[in-house]
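Asks: Okay, here's the structure, questions in a sec.
The values are calculated or read from the model by the stated rules, or taken from the named source; none is laboratory data. All of these numbers come straight from a predicted model, not from anything done at the bench. In this analysis, Cβ positions are derived from the backbone assuming ideal geometry, glycine residues included, and neighbour counts consider all displayed protein chains.
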């Protein structure tokens with residue numbers, strides 16, 4: 001079977017964690033956001049709100065708060081993976097753009113719907129030559145004492161909270177090949 005553009009983006013996408021400092025193009029960002037907006041959702045409620053952050057000082061503050069949250073809430077993880085809380089590690093990999101996907105926690109379908117919108121944006125980015133990494137480890141920063149300030153600085157509407165973050169940029173290193181996929185992952189009942 002011949003690969004179409006959608007399948008090509010899915011099969012070729014790799015997580016990137018090392019970015020050039022160059023900002024992504026406005027046209028690319030607009031298309032990526034619109035791809036998220038076009039995602040399906042339960043009952044067409046569209047329970048998402050997207051916040052684009054390109055202000056590095058804000059991303060640094062969120063990353064630092066997330067490190068503190070990990071040390072406080074998951075000390076075993078912080079101890080087992082000390083690089084996650086080390087001074088040289090940045091949860092957003094110093095990418096030039098991060099899109100926070102917020103959802104309505106009052107809507108039980110919001111986590112899944114926001115995940116679909118997130119993946120739409122990730123695959124749209126791939127198709128445009130923009131690379132990405134979905135980051136959830138930084139989300140606990142919004143539940144710290146600094147959290148209300150982040151909500152205010154990011155102008156996140158009442159009734160929404162960040163669920164996913166999409167790191168976007170151009171890779172600074174060659175893209176590695178795909179990791180091996182697991183065996184025995186499907187069962188057909190006919």
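Asks: Suppose the filter is out of contact with any strand residue (DSSP E or B) (no Cβ under 9 Å at 6 or more places or on another chain) and either at positive phi or modelled with pLDDT under 95 (or both); does residue 86 pass it? Break it down into steps so the answer makes sense when it comes.
Replies: Numbers: out of contact with any strand residue (DSSP E or B) (no Cβ under 9 Å at 6 or more places or on another chain): yes; either at positive phi or modelled with pLDDT under 95 (or both): yes.
So residue 86 fits the description; yes.
Asks: Might you check whether a residue that is under 20 Å from residue 169 (Cα atoms) and part of a helix (DSSP H, G or I) occurs anywhere in the range 47-56?
Replies: Step one: of the range 47-56, the residues under 20 Å from residue 169 (Cα atoms) are 50-56.
Now restrict to residues that are part of a helix (DSSP H, G or I): 56.
Yes, some residue in the range 47-56 is under 20 Å from residue 169 (Cα atoms) and part of a helix (DSSP H, G or I).
Asks: For the range 70-83, check the following and say yes or no: at least one residue is out of contact with any helix residue (DSSP H, G or I) (no Cβ under 6 Å at 6 or more places or on another chain), surrounded by 12 or more Cβ atoms within 10 Å (Cβ to Cβ) and closer than 26 Å to residue 130 by Cα. Even if it seems obvious, please write down each step before you answer.
Replies: We begin by selecting, within the range 70-83, every residue out of contact with any helix residue (DSSP H, G or I) (no Cβ under 6 Å at 6 or more places or on another chain); these are 72-77, 79-83.
Remaining after also requiring surrounded by 12 or more Cβ atoms within 10 Å (Cβ to Cβ): 73-74, 77, 81.
Now restrict to residues that are closer than 26 Å to residue 130 by Cα: none.
No - not one qualifying residue is present in the range 70-83.
Conditions tested, residue by residue: (1) surrounded by fewer than 18 Cβ atoms within 10 Å (Cβ to Cβ); (2) in contact with a strand residue (DSSP E or B) (Cβ under 7 Å, 6 or more places away or on another chain).
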{"position": "113", "(1), (2)": "no, yes"}
{"position": "125", "(1), (2)": "no, yes"}
{"position": "136", "(1), (2)": "yes, yes"}
{"position": "144", "(1), (2)": "no, no"}
{"position": "149", "(1), (2)": "yes, no"}
{"position": "152", "(1), (2)": "yes, no"}
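Asks: Something else about it: Just checking, how many residues over the range 73-93 are touching a residue at least 12 places away in the same chain (Cβ under 8 Å) and either over 16 Å from residue 137 (Cα atoms) or in a helix (DSSP H, G or I) (or both)?
Replies: Counting residues in the range 73-93 that are touching a residue at least 12 places away in the same chain (Cβ under 8 Å) and either over 16 Å from residue 137 (Cα atoms) or in a helix (DSSP H, G or I) (or both) gives 2.
Asks: Can you pull out every residue in the range 13-44 that is exposed (fewer than 13 other Cβ atoms within 10 Å of the Cβ) and farther than 12 Å from residue 117 by Cα?
Replies: Those that are exposed (fewer than 13 other Cβ atoms within 10 Å of the Cβ) and farther than 12 Å from residue 117 by Cα: 21, 22, 26, 27, 30, 43, 44.
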